[in-house]
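The values are calculated or read from the model by the stated rules, or taken from the named source; none is laboratory data. This is a predicted model, so every value here is computed, not measured. All Cβ positions, glycine included, derive from the backbone under ideal geometry; neighbour counts span all protein chains shown. Each accessible area value is taken on the protein alone, full model and side chains, heavy atoms only, with ligands, DNA and RNA left out. Shrake-Rupley method; radii C 1.70, N 1.55, O 1.52, S 1.80 Å.
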Amino acid sequence: MSVIGEFRSFIAKGNVIDLAVGIIIGGAFTGIVNSLVNDVIMPVVSVVVGGIDFSNYFLPLKSTVTATTLEAAKAQGAVFAYGKFLTVVINFVILAWIIFLMVKGVNKIRVHEDKKPAEATPAPPPADVQLLTEIRDILKTK
């Protein structure tokens with residue numbers, strides 16, 4: 001088999017296509033989750049913790065750094081920006097919790113769907129009844 005044939009076979013497998021769809025949906029879902037975290041959850045967290053903004057917390061690594069904001073301090077010299085890291089960690093924990101709740105909800109829906117009784121298909125009639133039915137149908141046509 002040629003390399004192109006092998007590649008075509010590889011791409012045609014369901015797992016590769018499922019993975020591609022998952023990545024595309026995940027990319028689109030990222031925007032939704034970012035908006036949820038930044039526009040809905042973080043303002044509530046900010047109110048709860050008293051409006052603390054961790055993003056400007058830093059330690060100057062040079063004595064020449066005298067600025068009070070992170071951006072200005074970076075322009076003056078090296079800084080240890082631990083506040084931004086704390087913000088990212090908090091965002092991650094919130095995001096992980098939201099994803100956990102969403103997966104839990106989807107799994108709950110799936111369990112309920114699996115518990116629905118399957119429609120029972122009637123058992124086929126015994127062979128002698130099938131034979132009599134065929135004989136009846138033949139006699140009707142004559």
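Scan segment 35-57 and give yes if some residue there is in contact with a Phe, Trp or Tyr (Cβ under 8 Å, 6 or more places away or on another chain), under 27 Å from Val89 (Cα atoms) and not β-branched (Val, Ile, Thr), otherwise no. Scanning segment 35-57 turns up at least one residue that is in contact with a Phe, Trp or Tyr (Cβ under 8 Å, 6 or more places away or on another chain), under 27 Å from Val89 (Cα atoms) and not β-branched (Val, Ile, Thr).
Filtering segment 16-38 to residues that are more than 18 Å from Leu101 (Cβ to Cβ) and of a type in the set (Gly, Ala, Ser) leaves Ala20, Gly22, Gly27, Ala28, Gly31. Residue count for segment 18-75 under the criterion of being modelled with pLDDT of 80 or more and not in a helix (DSSP H, G or I): the result is 13. Within the option set Thr133, Thr121, being more than 24 Å from the chain's Cα centre (by Cα) and assigned to a loop (DSSP other than H, G, I, E, B) holds for one residue only, Thr121.
This table checks each residue for (1) hydroxyl-bearing (Ser, Thr, Tyr); (2) without any contact (Cβ under 8 Å) to a residue 24 or more places away in the chain.
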site: Gly27; (1), (2): no, yes
site: Thr30; (1), (2): yes, yes
site: Met42; (1), (2): no, no
site: Val45; (1), (2): no, no
site: Ser55; (1), (2): yes, no
site: Thr66; (1), (2): yes, yes
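Here is a check on your reading of the model: is Gly14 of a type outside the set (Val, Ile, Thr) and surrounded by 10 or more Cβ atoms within 10 Å (Cβ to Cβ)? No, not satisfied.
Note on segment 71-101: residues that are more than 25 Å from Val33 (Cβ to Cβ), in contact with a Phe, Trp or Tyr (Cβ under 9 Å, 6 or more places away or on another chain) and open to solvent by 80 Å² or more (accessible area, probe 1.4 Å) total 2. Listed by first and then second residue, the pairs with beta-carbon distance under 6 Å, at least 6 apart or on different chains, first residue in segment 78-96 and β-branched (Val, Ile, Thr), second in a strand (DSSP E or B), are Val79/Pro60.
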